[in-house]
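The values are calculated or read from the model by the stated rules, or taken from the named source; none is laboratory data. As the structure is a computational prediction, the values presented were derived from the model and not from experiment. Every residue, glycine as well, gets a Cβ built from its backbone with ideal geometry; the counts of neighbours run over all protein chains shown. Ligands, DNA and RNA are excluded from the accessible area calculation, which covers all protein heavy atoms including side chains. Shrake-Rupley method; radii C 1.70, N 1.55, O 1.52, S 1.80 Å.
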Amino acid sequence: ALCDICSAPLTNTFYSVTDKLHEEKRLICPDCLKLNTRCFICGLPVKTNFVSLADGRLLCSRDAETAVVDEARVREVCRQTRDELDRLLSRFVSFPEKNVKIVAVDRLELEQLFKQAGRDHECPNVMGRLETRTNAFRMEHTLSVLSGLPLAELKATCAHEFGHAWLHENLTPKRRESLGANANEAFCE
């Protein structure tokens with residue numbers, strides 16, 4: 001058998017690690033287990049043929065193929081997700097469209113959004129964040145989503161954040177507060 005990371009022959013000592021994306025066991029050699037470089041998506045060590053993102057995250061070659069890193073593509077996927085939500089739930093709700101700005105951010109930018117004053121009760125989802133502002137009786141939403149996510153996770157993150165936008169547009173601040181953070185998050189999930 002060969003190491004799933006470096007393809008070296010496995011000897012008497014080898015380790016089984018779990019691929020977080022596919023939930024499969026992978027066999028790796030002791031040298032690869034010691035690597036400090038890990039794929040952001042699957043969590044497996046990376047040694048060669050990986051992609052480095054600007055914020056320091058690494059993607060193994062397999063996961064880099066499905067990760068959405070281009071900002072225009074991130075915006076397109078979020079808009080498609082919004083349209084899919086509308087089709088799926090059109091009998092019950094309508095999600096905001098024209099007053100939503102979609103921004104792809106890296107890990108550092110996303111973390112900075114959560115460190116701003118007054119953000120303690122916002123969604124702690126580390127894959128995306130929605131900021132809503134009211135200007136002259138019109139709500140404007142900024143949907144910040146982490147670039148480099150696999151397509152399915154990007155869609156799930158966009159859907160979650162559009163749920164927050166719907167809550168902001170359809171519930172008063174007092175009503176949202178009375179529901180509590182857990183109920184708001186549950187609705188968005």
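How do the strands (runs of 3 or more DSSP E) wholly within the stretch 84-170 filter down when requiring 1 or more residues that are modelled with pLDDT under 90 and more than 29 Å from Ser61 (Cβ to Cβ): which remain?
Ranges flagged: 128-135, 138-146.
Tell me which residues, restricted to the stretch 1-23, are touching a strand residue (DSSP E or B) at 6+ places or on another chain (Cβ under 7 Å), surrounded by fewer than 14 Cβ atoms within 10 Å (Cβ to Cβ) and closer than 20 Å to Pro150 by Cα.
Within the stretch 1-23, Thr18 is the sole residue that qualifies.
Please specify each residue of the stretch 66-79 satisfying the condition of being farther than 14 Å from Leu146 by Cβ and touching a residue at least 12 places away in the same chain (Cβ under 8 Å).
Thr66, Arg79, listed by residue number.
Checking the condition within 22 Å of Asn99 (Cβ to Cβ), open to solvent by 20 Å² or more (accessible area, probe 1.4 Å) and without any contact (Cβ under 8 Å) to a residue 40 or more places away in the chain, which residue from Thr132, Thr157 passes?
So the residue among Thr132, Thr157 that is within 22 Å of Asn99 (Cβ to Cβ), open to solvent by 20 Å² or more (accessible area, probe 1.4 Å) and without any contact (Cβ under 8 Å) to a residue 40 or more places away in the chain is Thr132.
On the basis of being outside any helix (DSSP H, G or I), at negative phi and open to solvent by 80 Å² or more (accessible area, probe 1.4 Å), does Arg175 make the cut?
Taking the combined requirement at face value, the residue does not satisfy it.
Residues being surrounded by fewer than 18 Cβ atoms within 10 Å (Cβ to Cβ) and assigned to a loop (DSSP other than H, G, I, E, B): count how many of those fall in the stretch 24-49.
So the answer is 8.
So, in the stretch 50-65, of the ones that are part of a loop (DSSP other than H, G, I, E, B) and in contact (Cβ under 8 Å) with a residue 60 or more places away in the chain, which residue ends up surrounded by the most Cβ atoms within 10 Å (Cβ to Cβ)?
Arg57
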